[in-house]
1. When the convex hull of the Cα atoms of the range B:275-330 is projected onto a plane and the area is averaged over all directions, what value comes out in nm²?
2. Need one value for D:221-229: mean number of C-beta atoms belonging to other chains within 10 Å of its residues' C-beta atoms.
3. Round to a whole number: what % of the accessible area of the protein assembly as shown belongs to carbon and sulfur, probe 1.4 Å?
4. What is the Cα convex hull volume of the range B:21-65 when expressed per residue in Å³?
5. Cross-link list B:Lys219/D:Lys323; A:Lys130/B:Lys160; A:Lys278/B:Lys103; B:Lys280/D:Lys132; B:Lys75/B:Lys160; A:Lys116/B:Lys320: which exceed 29 angstrom alpha carbon to alpha carbon?
6. For the range C:227-332, what is the convex hull (Cα atoms) projected area averaged across all directions, in square nanometres?
7. Quick check: convex hull of the Cα atoms in the range B:31-241, volume per residue, rounded to a whole Å³?
8. For a quick protection proxy, order the peptides C:184-192, A:313-321 by their average other-Cβ count within 10 Å, most packed first.
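The values are calculated or read from the model by the stated rules, or taken from the named source; none is laboratory data. Source: prediction; values computed, not measured. No Cβ is skipped: glycine too gets one built from the backbone with ideal geometry, and neighbour counts run over all protein chains shown. SASA here: full protein model, heavy atoms, side chains in, ligands and nucleic acids out. Shrake-Rupley method; radii C 1.70, N 1.55, O 1.52, S 1.80 Å.
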Number of protein chains: 4
Amino acid sequence: MAPEGSTLKESNMNLDEITDLALQLQKQTGVKVLWVTCNLFAHPRYMNGAATNPDCHVLAYAGAQLKKGLDIAKKLGAENFVFWGGREGFLSMHNTDVSAELKHMANFFKMAVKYKEKIGLKCQFLIEPKPKEPCRHQYDYDAMSVIGFLKHFGLENHFKLNIEPNHTTLAGHSYEHDVVMASVFGMLGSVDANTGSPDLGWDTDQFPMDIRNTTMVMKTVIEQGGLQPGGLNFDAKVRRESTDLEDLFIAHIGAMDTFARGLRNAVRIIEDGIITDKLKERYSSFSHGLGQKVEDGSATLEDMEDYIQQNGEPNVTSGKQEKYESIFNHYI
Amino acid sequence: MAPEGSTLKESNMNLDEITDLALQLQKQTGVKVLWVTCNLFAHPRYMNGAATNPDCHVLAYAGAQLKKGLDIAKKLGAENFVFWGGREGFLSMHNTDVSAELKHMANFFKMAVKYKEKIGLKCQFLIEPKPKEPCRHQYDYDAMSVIGFLKHFGLENHFKLNIEPNHTTLAGHSYEHDVVMASVFGMLGSVDANTGSPDLGWDTDQFPMDIRNTTMVMKTVIEQGGLQPGGLNFDAKVRRESTDLEDLFIAHIGAMDTFARGLRNAVRIIEDGIITDKLKERYSSFSHGLGQKVEDGSATLEDMEDYIQQNGEPNVTSGKQEKYESIFNHYI
Amino acid sequence: MAPEGSTLKESNMNLDEITDLALQLQKQTGVKVLWVTCNLFAHPRYMNGAATNPDCHVLAYAGAQLKKGLDIAKKLGAENFVFWGGREGFLSMHNTDVSAELKHMANFFKMAVKYKEKIGLKCQFLIEPKPKEPCRHQYDYDAMSVIGFLKHFGLENHFKLNIEPNHTTLAGHSYEHDVVMASVFGMLGSVDANTGSPDLGWDTDQFPMDIRNTTMVMKTVIEQGGLQPGGLNFDAKVRRESTDLEDLFIAHIGAMDTFARGLRNAVRIIEDGIITDKLKERYSSFSHGLGQKVEDGSATLEDMEDYIQQNGEPNVTSGKQEKYESIFNHYI
Amino acid sequence: MAPEGSTLKESNMNLDEITDLALQLQKQTGVKVLWVTCNLFAHPRYMNGAATNPDCHVLAYAGAQLKKGLDIAKKLGAENFVFWGGREGFLSMHNTDVSAELKHMANFFKMAVKYKEKIGLKCQFLIEPKPKEPCRHQYDYDAMSVIGFLKHFGLENHFKLNIEPNHTTLAGHSYEHDVVMASVFGMLGSVDANTGSPDLGWDTDQFPMDIRNTTMVMKTVIEQGGLQPGGLNFDAKVRRESTDLEDLFIAHIGAMDTFARGLRNAVRIIEDGIITDKLKERYSSFSHGLGQKVEDGSATLEDMEDYIQQNGEPNVTSGKQEKYESIFNHYI
């Protein structure tokens, strides 16, 4: 989620007028607002952080702006509200009190939760992880970092994650990694569907064009029963060199097609059940006996020792990665 | 922490005889055991995981081995017990049930905690994060991943972290990053002091030779009041090409000198107080007024709005990174 | 190309007996030898380099071994001879005379050329680039590094490149990059068709399973008119966890299918001509007028200035990346 | 070398007036011009390349601009002229004819050489490698890529390299790597002395503050007998967050001090001769007998075989990396 110019922003309309216009458009079109966000990173005042700024005056400014943003989200009936902390981190450890900054960020989020409840805003709060850029290190590094942070400060019931796979790859993971991890921890809220080039070290916000990737993402989304109230949005840009008006349409169509093919692939994979069945069988030892005790948490180390004394060395079982990959390839 | 051959392992002594020998040596020398660990990754039986193996038989084997390891730790009066999950992760998402594996790993740790309490083992449990290698992805990716995992499964009071900075850099962070993050979250237990080359993508377990790095680590250790019952150990190897017997001594002496210089630098930095004072001043707005309310968690978004309506746009304050870096350089 | 155990090596046959056996098998099956190589990296004697070893005694050993290897290549009628310099580089600049080592490596190659000519060996010499691992830096870093080296020492007419795309990605390029670059410079000799995971920093020698990648490689191979006398070989290994005998077959079949699909995609792309025509049009200004003078090297800066004085500012032309990507996706 | 705003550019002075002003300042101060360059990357017309643009009209514009730039260099008596090809590369292979682009770039450089000779411009031409950013791939990837390109097109006698170590690390090498490689190939012309953070994947153009790095660079510069007519310049920027006027001074002073300490360390290392002597001894086998024949290129593979038949297996000799590192640390 990168800062972007907008024609509205450049118009003479103020925020309330824009909100009213958006409301009107909603009524006319039936299109609802997936999410609202506050840009707490692009203005120079936020260069050293918004919620983590060493100067409380800046944090206050961010808070005032956030209050307004939440009011607008309420007015627009937004389904979600996204926090992307592009400046919540540091450029140098030498000038940073990490402990203080994390506490301020947590308290900032707590104020948001409180105000949300006060005004009866129903939307889902989402945090979007990104490892770095513009900061050298951002506290919301990846899905697990945010989960750790939220749980540490008792915020885990108030937030889910908005995963942008380009950020995931910048954190050293595979494209689908954080979508899967967030889902496993019950924290996948929404997906910002853009991509980068795996050989580049910065965020290019390209339109997703790789069907392998979209198949993996859609498979995870189906398996967790959908994303509602979240969704799939393109926070992508045509390349700076794509200057024709039609490029904007081609890019959206090409990327949407890529996700559509991914969705159809994922449905076929799940309906065929070949991979799922193989997987179920692979873990079948946990459905009975000692395995079931491990599963339900009643097993002990003494049980383990007894079991091995009776059953000895386990068999080596092939992981069969190439077989899984070959089967997966049949769906691409 | 990589698997390594050992002359003891190649001897004809069994585990109990080795333990007795170790006990004897302890009494003779007064040298205590910093930590004991179980190698749950090198044997082919663990190739698909120990606690996260899809076959419960293998998990049971790991459990039996762990029970023995904890008994030995008790016997030796070990100060810590380290878990490094080199195979707790996956090589391919296609053949992996991440959710099941994480639950099994958590339950495995819970059995360890239970047994530890049962036998009255007093040592600190430590988890050592590593992002990848041998796995494509390890669940204990970095400090924040482990913290998130522990808190999710209610294990955070039973474990601390053993940080190896070479693993930290492989996870995309700076050398000192996870030492600092673990410390900030109250989870820094011990430090495996080796290093890699920042331009390489695998674990080289080199002896640490960069004084900037050791200064940063020792500064963090001092600031959190030491590492006890943890410590600083070299889990480093001389390079495969360093074949002279003396290389082993030179490497240890050179690395120890590097940490000694780091410690002395850190002490001077802290005693001089120049950087600390600058830092205190940088965050001084949080010691009174609105800042104090943010700090203690009583501030609201409405307070923020009021403050900005009265005080307007904040001043832009330089981060002064180059000044901090230049001052830091005076201590190197 | 990693060192590997082989059942033959573990047999009691000596090198001459193995060569005779290989000859016999060739006659019986009609299968020819794509390439022969010497393992000048796995034995501890080569730990500090073979042709670049600081000790000339080791270089001599490598030379003697290479002489034998060339004799065998001659006997077997090998089509190519591959040099992979896994130890030709350095672990530390502190103990390395880069200038001397490069000169020795060049002279070593010159001896090989001379001996090849002397014995009338007809095969193509190939160098396989790899950026690092086991060394921290290998001189044959990537295609362009090897081309630069060969041209500097006047060896460019005696060698071509054997590109392994997993090595290419480790050097920070995209999968197909070095195949394309080597081809453009007239230096693509053969392809070691394995792959890695883009999120890993070491060589995993996995079987290629991504059809996008194989499409790009096969397109380049077709466009340069084939690889003869080179070829496409799998220098891949099943994952250490793929322990069933059938995994070896599945992996080869799956990867061969992936290349077959890539070949068919590439043929369709070229026969349809949509991308090719768009590309031809994109560069069409170089087929006449000033463009033709640039193309044939007769244009001058004065011509440029004249042209701009007459024609002014050029139009901005969209790169249309998303359109190209969308069209490409129709072939996947 | 990144595009930057300048107050002069924003003034109303035209290029000729600025040149005259620069000439005047030169006379007044005695400060000479290290290098002149043309910005052939920032303007949107160059978005798809300057010398490698698919549209010859754009190439012509670049040529006209270059002609003017060379005239100004002549007028100012510049010691060097730098070419940084920030747009000479590609964003996608799908829309790129790499072969054509490389040829056009070479012919563009040939025009520059021709015009330089015509107007009697005496300065050294320099190419500055950078692997990527803004392009996905830049043809001048690193030192060896440029050397390969120059030699392929017969341009190697007309150009040297301007190495920016931050670009070197982005290409996957260590900080000093390209300085050393360029020097070894006789191509080190000048050094753009800035740095990045090894954990970041984009160009941050920070002021160099690590004394290890500057020691290595200065050692190489001394060993090749200086950089004339090149030099050492800071193409660095204070961080965007360093907004005080004094930061600009502090950064320059801090970085200059870092290079000064590096220079003094390098001098001590060379004068003490401990490392140099160890290195000379390490390669001493090449100063006599078979080694000398390898050195002068007269040895053959047959000589190697004879030598090994007489002398057998070489001794394993320790690389002693940790010893070299420990000695080096004494100078930091």
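1. Result: 4.8 nm².
2. Working: counts 0, 0, 1, 0, 0, 0, 0, 0, 0.
Whole-number average of other-chain Cβ neighbours for D:221-229 is 0.
3. 52 percent
4. 86 Å³
5. B:Lys280/D:Lys132; A:Lys116/B:Lys320
6. Result: 11.9 nm².
7. On the way: hull volume 27.2 nm³, N = 211.
Output value, Cα hull per residue: 129 Å³.
8. On the way: C:184-192: 22.2, A:313-321: 18.9.
Highest to lowest by the protection proxy: C:184-192, A:313-321.
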